[in-house]
Amino acid sequence: MSFVIPPRAPFAANPATSRGRLHAEGVSPMKTEFQRDRDRIIHSAAFRKLKQKTQVFVSHMGDYFRTRLTHSLEVAQIARAIARALGLDEDLAEALALGHDLGHTPFGHAGEDALNECMAPYGGFSHNDQTLRILTMLERRYAAFDGLNLSWECLEGIVKHNGPLLPLSDGEKLPVTIQNFQNYMNLELGTYASAEAQAAALADDIAYNNHDIDDGLRAGLFTFDDIRDLPIMGPILEQLQHDYPKLARPRMVFESVRRMIDVMVTDLLTESQRRLHVLAPQSVDDIRHAKAPVIAFSAAMQQNISVLRKFLTARMYRHYTVNRMTSKARALVRDLFEKFMAEPDTLPTEWREMIVDQSALHSRARIICDYIAGMTDNYAELEWTRLFEMKVRV
């Protein structure tokens, strides 16, 4: 029996009733508002740079492993599938999936941790906040405005990628860009984002959990014997070996990961449909003001994913080969930041000219942070070499 695409749900985000953009623009005769958002993200410089930004393995550890770009494309595919099955707006879900990692630094979380340490006296750093900086300030392509001038719904979904940001706990502060942007466009930080944004966020979880298993197996960080006792994966491997006892290892890797993705997506759809039936939302605002997310895994699946994450943390993210590379990456990012802060005249001309007041350390630090955060892995290594290797002639 063929799959039947459900009609648009009443609680789906509707591009025809979008809350608009910070800078008003005419309606496109060829695209919906959310299709325009998606296309602008794909054509951005920040999106292109994701092809040389680390997911887990840096590029010279192997060219098979995932980058931020391939990860984002995989998230987008899963997000569209979820949105389609639930009658949501596929284009908004895809745009959010493609844009959610634009603010990541070179060298993945190691680079982010190092920049956050360096920026601690100057307001800190988070990749989610940096994504908003890119989308609203740092992309300088259009004649009429800085940033990509995305729709309210797209910016809301990016900022609330992990849920509401308000109320704050004691001592907690909003990231600086998000806090400042509220003065121009109220993103209603105390509510949940749309169902499309929630779908994109969980598509991110599904993608990286499964594809990290894939990359870890192919990198030899663990074996099938190591993952036989994991929930979800164990029964899948048992069934595969029963049905295909002579299946070659590369096919076994792909087939087991493919089936685990299917199990997770099926659970998410079942649980989300249950929650939607209970809530019976009639508008996207009903989704925003719900007391809990409407797109979610079941409690049992959440527990299974927690076990999987603990395994990946112990056997992959903290593997000594990964630790060695992340240690180098943190040191490299710190070196660059400290050099540019101490000697801003070593910055490229266009970045140095942004520092209007040399005595204003906060603004200087943020400009330097923007420069480093926007680097690819390869460019960061090249800049370090230019600054610290005496024999280089470049």
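For Ala296, what residues show an amide H to amide H distance below 5 Å, using hydrogens built from the backbone and excluding near sequence neighbours?
It is Ser272, by chain and number.
With 5 Å bins from zero, work out the P(r) of segment 217-258 over every alpha carbon pair and list the percent per bin.
5, 23, 36, 27, 8, 0
Ordering Glu156, Glu389, Glu112 by accessible area with a probe of 1.4 Å, largest first, what comes out?
Heavy-atom accessible area, descending, gives Glu389, Glu112, Glu156.
Quick one: how many Å² of Tyr320 are accessible to a 1.4 Å probe, rounded to 10?
Number for this one is 130 Å².
Kindly flag which residue pairs out of Lys310/Lys339; Lys53/Lys160; Lys291/Lys328; Lys53/Lys246; Lys31/Lys51 have an alpha-carbon separation exceeding 32 Å in this structure.
Lys310/Lys339; Lys291/Lys328; Lys53/Lys246
For the full complex of protein chains and a 1.4 angstrom probe, list Trp351, Trp152, Trp384 by accessible area with the highest value first.
Trp384, Trp351, Trp152
Kindly identify the chain as rounded, prolate or oblate by the Cα gyration tensor criterion: order the square roots of the eigenvalues as a ≥ b ≥ c, call it rounded if a/c is under 1.5, otherwise compare a/b with b/c, prolate if a/b is larger, else oblate.
Oblate shape, in that a/c is at least 1.5 and b/c is the bigger or equal ratio.
Where is the GNM fluctuation largest for the chain (alpha-carbon springs, 10 angstrom cutoff): Gln52, Gln302, Gln130?
Gln302
So if R0 is 25 Å, what FRET efficiency would Thr346 and Arg140 give, r being the distance between their Cβ atoms, rounded to the nearest 0.05?
0.65
Across segment 38-49, in residue order, what do the Karplus-derived ³J(HN,Hα) couplings come to in whole Hz, using 6.51 cos²θ - 1.76 cosθ + 1.60 with θ = phi - 60° and x for Gly and Pro?
For segment 38-49, the Karplus curve yields 4, 5, 5, 5, 4, 8, 6, 5, 4, 5, 4, 5 Hz.
Go through Leu92, Leu361 and list them by solvent-accessible area, largest first, probe radius 1.4 Å.
The residues order as Leu361, Leu92, largest area first.
Using θ = phi - 60° and the Karplus form 6.51 cos²θ - 1.76 cosθ + 1.60, what ³J(HN,Hα) does each residue of segment 101-106 get, whole Hz, x for Gly and Pro?
10, 4, x, 5, 7, x
In whole Hz and in residue order, list the ³J(HN,Hα) couplings for segment 294-311 that follow from phi through the Karplus curve 6.51 cos²θ - 1.76 cosθ + 1.60, θ = phi - 60°; x for Gly and Pro.
Computed from phi, the couplings for segment 294-311 are 9, 9, 7, 7, 5, 4, 5, 5, 4, 5, 4, 5, 4, 5, 4, 5, 5, 5 Hz.
By how many nm would the segment from Lys246 to Arg318 grow when fully extended, if each residue of separation counts as 0.36 nm and the alpha-carbon distance is taken off?
So the extension gain works out to 22.7 nm.
Find how much the distance from Arg258 to Arg309 grows on full extension, using 0.36 nm per residue of separation minus their present alpha carbon separation; answer in nm with one decimal.
Value of the extension gain: 16.6 nm.
As a check on your grasp of the helix formula, calculate [θ] at 222 nm for the chain: sum -39500 (n - 2.57) over DSSP H runs of n ≥ 4, divide by the residue count, round to the nearest 500.
Computed mean residue ellipticity for the chain: -17000 deg cm²/dmol.
Would you list, by chain and number, the aspartates and glutamates whose Cα falls below 16 Å from the Cα of Lys391, excluding same-chain residues fewer than 8 positions away?
Within the straight-line limit of under 16 Å, Lys391 reaches these aspartates and glutamates: Glu381, Glu383.
So between Ala24 and Ser298, what do we pick up on full extension, going 0.36 nm a residue minus the alpha carbon distance?
Full extension from Ala24 to Ser298 adds 94.5 nm.
Of the residues Phe254, Phe11, Phe65, which exhibits the maximal mean-square fluctuation in a Gaussian network model of the chain defined by a 10 Å Cα contact cut-off?
Highest fluctuation among the options: Phe254.
Among Ser18, Ser306, Ser28, determine the one that fluctuates most according to a GNM of the chain built with springs between C-alpha atoms less than 10 Å apart.
Ser28
The values are calculated or read from the model by the stated rules, or taken from the named source; none is laboratory data. All values reported here derive from a predicted model rather than from experimental measurement. Note that each Cβ is placed from the backbone with ideal geometry, even for glycine, and that neighbours are counted across all protein chains shown. Surface accessibility is based on the protein's heavy atoms, side chains included, excluding ligands, DNA and RNA. Shrake-Rupley method; radii C 1.70, N 1.55, O 1.52, S 1.80 Å.
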